[in-house]
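**Student:** Handing you this structure, nothing more for now.
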Amino acid sequence: MDEMDRRQAVREAYARMARSEDNCGDCAPSAQRGVRRLAYSQDEIALLPFGADLGLGCGNPTDIAGLREGEVVLDLGSGAGIDCFLAARQVGPRGRAIGVDMTPEMVERARRLALEGGFQNVEFLLGQIEELPLGDGSVDVIISNCVINLSTDKPRVFHEAYRVLRPGGRLAISDIALLQELPPEVRESTEAYVGCLAGAVLVDEYRRIVEEAGFRDVRIAIVGASSCGGPRAVRADGCAVSVYVKGYKG
């Protein structure tokens, strides 16, 4: 499966989930299921427009971002908008939350939910996280939730993140990483790739990629095990974990 095939498989899978009619807390195709149920409080869920929670995260990046009133937040791979909506409430009317997603159906759903929820400080853009549709130094904080593992060019993602952050800006990312290499049959599985497993990299490699993009004080914390492949995929239990990744632009 080449890069274009992987990107198309991801787009098609997430388009199907975007077309679901309700909150789909177990839509997650695989690795996200292990920890996401504990990521959001009931109070946070209650603040969301109905239909924003598709169960696709592996953590809660807004919980570690330390968001402040008036900040501009960018969500890489924003999906139906769950983390953007939470961020928008934290930064208040003087701030702004921007979501970028490559799936038109997700962007359409998120925009509809923003209108239904009366969110005035949220914007959803169609685009790729490897080529962000934003100017240099235009955001204060970048968040992302179980998305960067799906990218076929992770170094480019973090170089783009560095570009659009203002000096002193910060990363607060939740993602899937590996404790050991995956078996070949898992690494080559389309289902495991779409399910946030086969595209994941080792924890140490993740740190290296972020640091080589220019970020300083990079910290990676392991916060839970993933379910590694879901009920139908080839399983690889013990290989993958959910991580929080933090860093700063110098």
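**Student:** Scan segment 52-77 for residues that are assigned to a helix (DSSP H, G or I) and surrounded by fewer than 24 Cβ atoms within 10 Å (Cβ to Cβ) and jot them down.
**Tutor:** Asp63, Ile64
**Student:** How about segment 157-176: which of its residues are of a type outside the set (A, V, I, L, M) and more than 17 Å from Cys84 (Cα to Cα)?
**Tutor:** Phe158, His159, Glu160, Tyr162, Arg163, Arg166, Pro167, Gly168, Gly169 - these are the residues of segment 157-176 that are of a type outside the set (A, V, I, L, M) and more than 17 Å from Cys84 (Cα to Cα).
**Student:** A further question on this structure: Taking only pairs six or more apart or across chains, which ones have beta-carbon atoms under 8 Å, a first residue in segment 184-195 that is in contact (Cβ under 8 Å) with a residue 40 or more places away in the chain, and a second residue that is among the basic types (Lys, Arg)?
**Tutor:** Val186/Arg235; Thr190/Arg6; Glu191/Arg232; Tyr193/Arg6
**Student:** Sticking with this structure for a sec: State the number of residues belonging to segment 153-186 that are part of a strand (DSSP E or B), under 20 Å from Pro133 (Cα atoms) and β-branched (Val, Ile, Thr).
**Tutor:** 1
**Student:** I've got another one for you. Which pairs turn up if I take residues in segment 137-164 that are closer than 15 Å to Ser242 by Cβ and look for partners that are at pLDDT below 95 and surrounded by fewer than 22 Cβ atoms within 10 Å (Cβ to Cβ) with beta carbon separation below 6 Å, at least 6 apart in sequence or on another chain?
**Tutor:** Asn149/Gly199; Leu150/Gly199
The values are calculated or read from the model by the stated rules, or taken from the named source; none is laboratory data. All values reported here derive from a predicted model rather than from experimental measurement. For neighbour counting, all protein chains shown are included, and Cβ atoms are generated from backbone atoms with ideal geometry for every residue, glycine included.
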